[in-house]
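Have a look at the structure below, then the notes.
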Amino acid sequence: MKQLPFKAVAVDVDGTFENDKKEYDHEMFDEILYRLHKHGAHFIIASGRPAGRLHDDFIDFIDSVDFVADNGAVLVRDGQIIRTTTFSKKCILHLIDYLKQRYPGAVDTLLVSGVKHSYFLKSTPAEFKRGHHYFYPNSVEIDDFNQIPEDDQYTKITVDYPSKVRRELEYGFNSRSVEKIHVTTSGWNYMDIIPQGVNKATGLKEFLAYLDVPRSELIAFGDGENDIEMLKLAGFSYAMENGQDSVKKIAKFIAPSNNDNGVFKVLNKYLNEANN
């Protein structure tokens, strides 16, 4: 049996691992994990989704995968959070005030992601509430963001607002705040606001160091802007056929679309070649 050219796999979820119906083939994934583990390869889910959502998404495989959640702000190994990079409550409230002043419509759909719970306003429109409750199953509705508790750890703010303002927002807020932000997007209108210096690649670097796997032996799959750092890190980088053009430009290879089991097809190709 030949060796695989990689020892770690990192995959984005939305638009990459899951199809547009937010589904993936559990039986096929189970078989691929078994074959990867026989080669000593590790599997890491790297997503903008929170750890609680990923836990539910991969409950059948929780002992076989690790998570880089909240775009790198939360790392989970063996079902336990091993690191978080957070904002203070003061910074969160300062940022919300800044959004109210500069981008008032953004606050209507805003969600604050914490480790214990996620928080959004009771006044949030119903269509956004449904999305918040799906992606953030531990979410809590509150009357005012001043009510977010002191004892939670805040990893991200998510807002449905035209992402073309993300650089302006990042620069404007950072010019007046001690705690700095980084604003990214997964390709939809949603912007994810996370601590400066945090991205999927920073989380993956910690896992690679722990696993003693060089970046040249990482294969990564993504489709959106928040995957770019991860793809640049990986020795084998795949943009999905359905991915953003900016992502395809920096990836070394193109995988079939998320609706065509693109991740599984590429991994099976490598596994089959290794078994020949």
message = Looking only at region 23-37, filter to residues that are free of Cβ contacts under 8 Å to residues at least 24 places away in the same chain and of a type outside the set (Asp, Glu); which one of those is most open to solvent (accessible area, probe 1.4 Å)?
response = TYR34
key: Test result for LYS164, open to solvent by 40 Å² or more (accessible area, probe 1.4 Å), charged (D, E, K, R) and modelled with pLDDT of 95 or more   = no
message = Take the residues in region 107-150 that are touching a residue at least 12 places away in the same chain (Cβ under 8 Å) and among the acidic types (Asp, Glu); name whichever of them is most open to solvent (accessible area, probe 1.4 Å).
response = GLU150
key: Residues of region 210-225 satisfying the condition of being surrounded by fewer than 21 Cβ atoms within 10 Å (Cβ to Cβ) and at pLDDT 95 or above   = ASP212, VAL213, PRO214, ARG215, SER216, GLU217
message = Can you say whether GLU31 is charged (D, E, K, R), assigned by the TED database to the domain that holds GLU229 and in a helix (DSSP H, G or I), as far as the supplied structure shows?
response = yes
inquiry  = Take the conditions assigned by the TED database to the domain that holds VAL74, within 22 Å of ILE157 (Cβ to Cβ) and of a type in the set (Asp, Glu) and apply them to ASP20. Does it pass?
reply    = no
ask   = Taking region 208-247 as the region of interest, how many residues are farther than 22 Å from TYR24 by Cβ and over 16 Å from the mean Cα position of the chain (by Cα)?
value = 13
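The values are calculated or read from the model by the stated rules, or taken from the named source; none is laboratory data. The structure displayed is predicted, hence computed values, not measured ones. We place every Cβ from the backbone using ideal geometry, glycine too, and count neighbours over all the protein chains shown. Surface accessibility is based on the protein's heavy atoms, side chains included, excluding ligands, DNA and RNA. Shrake-Rupley method; radii C 1.70, N 1.55, O 1.52, S 1.80 Å.
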